[in-house]
Amino acid sequence: MKVTKLVSTCDITDCPTIYATDRGTLLIQGETPTDHGLQIPAHETLVEIPMELIQKAIRDNLI
């Protein structure tokens, strides 16, 4: 899989980030919340990212 960084909240590697893949999908890097109370299947996960990251990606026409 080829991964391309689209947008991040900072320039270091441990910040919320959106990546595009050559599969036509997005990879989202963010915190793993544990206090959500949801039933998530074992093969899936949740990540939490700031709304600012989505707004920046839309504003920059990245997604």
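Throughout, read-outs are computed from the coordinates displayed, never taken from laboratory work. Owing to the predicted nature of the structure, the values given are computational and were not obtained by experimental measurement.
Some observations on this one:
- Hull-based mean projected area of the chain, where the convex hull spans the alpha carbons, in square nanometres: 5.2 nm²
- Computed over the chain, the per-residue total of -39500 (n - 2.57) for DSSP H runs of n ≥ 4 gives a 222 nm mean residue ellipticity of -4000 deg cm²/dmol, rounded to 500.
- For the chain, the relative contact order is 29 percent, taking Cα pairs closer than 8 Å that sit 6 or more residues apart in sequence and dividing their mean separation by the residue count.
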